[in-house]
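Colleague: Can you keep this structure in mind? I'll have questions shortly.
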Amino acid sequence: RLSQPAQRGNFEQAGELWTTVLEKDPDNEAAKAAIKRLDSPWIAVALIKRLAFLASIAVVFFLSIVGLFALFNVDWQSQLKSSSPANKSTPIGATLSSSSIPGFSVHTHHEETKIIFNEGLFSLRCDLKNSTKEQLAAVARLLQNKVPNSRIIIEGHTDSSSMRKNNFYKDNYDLGLQRALTIAGILKEHHQIKGERILVTSMGDTNPPFSETDYESKLKNRTVVIRLFEPSVR
């Protein structure tokens, strides 16, 4: 019990206790030895150990504060970045409007963006023109690099000519649908556009992308229109 103050680092109290014991019993060897130790370098060693212990507690406390601050700071910065206008997704129309590639034009209305080819993609039925593959490759690069998460609707079109009897297709709607399927197949198989991004439909000879005023304008409607939507748009 007399050693407890010294063990706790209270050497002054320990010295007083052992001095009291020695006054009552001058021949007490334990008291003499204890007082001798208290006056020796052992005190310095004990003090160093105690200071080291206190320093370790201070270091742990400091590191805990630094860790909490770093965690809070990272979370705060991530929230700031996510709410920053610079990190919000750019609308499809704004992304593609700066893409000036010959062969097609980009039109945006509300949440929908259309890619309209300047010339017809098909010469007859579902036969592709020689220039079509190059145009589709350019469009595929845009879809992959500029708007990789967009939803794609490929809309088939025909000119206003009536379908002849004994033709390969029932009507212009059927022909337009086959044209849309042809373009979708090329984008998926040759340009690695994921199939789950693509839907196909047909407008037949209704709502053509170009007004038909002569034979040349009729040829332009032998085509597809690629409609793009944001991923969140249903």
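Colleague: Do we find that S123 is exposed (fewer than 15 other Cβ atoms within 10 Å of the Cβ), assigned by TED's automatic domain parsing to the domain that holds Y215 and either closer than 16 Å to P208 by Cβ or free of Cβ contacts under 8 Å to residues at least 60 places away in the same chain (or both) in this structure?
Modeller: Working: exposed (fewer than 15 other Cβ atoms within 10 Å of the Cβ): yes; assigned by TED's automatic domain parsing to the domain that holds Y215: yes; either closer than 16 Å to P208 by Cβ or free of Cβ contacts under 8 Å to residues at least 60 places away in the same chain (or both): no.
So S123 does not fit the description; no.
Colleague: Identify all residues within the range 115-157 that are part of a strand (DSSP E or B), in contact with an Asp or Glu (Cβ under 8 Å, 6 or more places away or on another chain) and under 17 Å from I193 (Cβ atoms); write none if there are none.
Modeller: Quick first cut of the range 115-157, residues part of a strand (DSSP E or B) only: 115-117, 122-124, 127-128, 151-157.
Restricting the remaining residues to those that are in contact with an Asp or Glu (Cβ under 8 Å, 6 or more places away or on another chain) gives 151, 157.
Matches in the range 115-157: R151 only.
Colleague: Between a first residue in the range 46-68 that is at pLDDT below 80 and a second residue that is surrounded by 10 or more Cβ atoms within 10 Å (Cβ to Cβ), which pairs have beta carbons less than 6 Å apart while being 6 or more apart in sequence or on different chains?
Modeller: R50/G9
Colleague: Working only within the range 173-213, note down all residues that are under 17 Å from L121 (Cα atoms) and part of a strand (DSSP E or B).
Modeller: V200, T201, S202, M203, G204, listed by residue number.
Colleague: Next question. Test each condition in (1) surrounded by fewer than 20 Cβ atoms within 10 Å (Cβ to Cβ); (2) under 23 Å from H109 (Cα atoms); (3) modelled with pLDDT under 95 for A137 and report the one that comes out false.
Modeller: (2)
Colleague: I'd like the full set of residues that are surrounded by 15 or more Cβ atoms within 10 Å (Cβ to Cβ), in contact with a Lys or Arg (Cβ under 9 Å, 6 or more places away or on another chain) and closer than 13 Å to P148 by Cα, limited to the range 188-205.
Modeller: The answer is R197, I198.
Colleague: Right, next: Which one is surrounded by the fewest Cβ atoms within 10 Å (Cβ to Cβ), of the residues in the range 161-187 that are touching a residue at least 40 places away in the same chain (Cβ under 8 Å), under 21 Å from R141 (Cβ atoms) and aliphatic (A, V, I, L, M)?
Modeller: I186
The values are calculated or read from the model by the stated rules, or taken from the named source; none is laboratory data. In this text, all values refer to a predicted model and were calculated from it rather than measured experimentally. Virtual Cβ from ideal backbone geometry, glycine too; neighbours counted across all protein chains shown.
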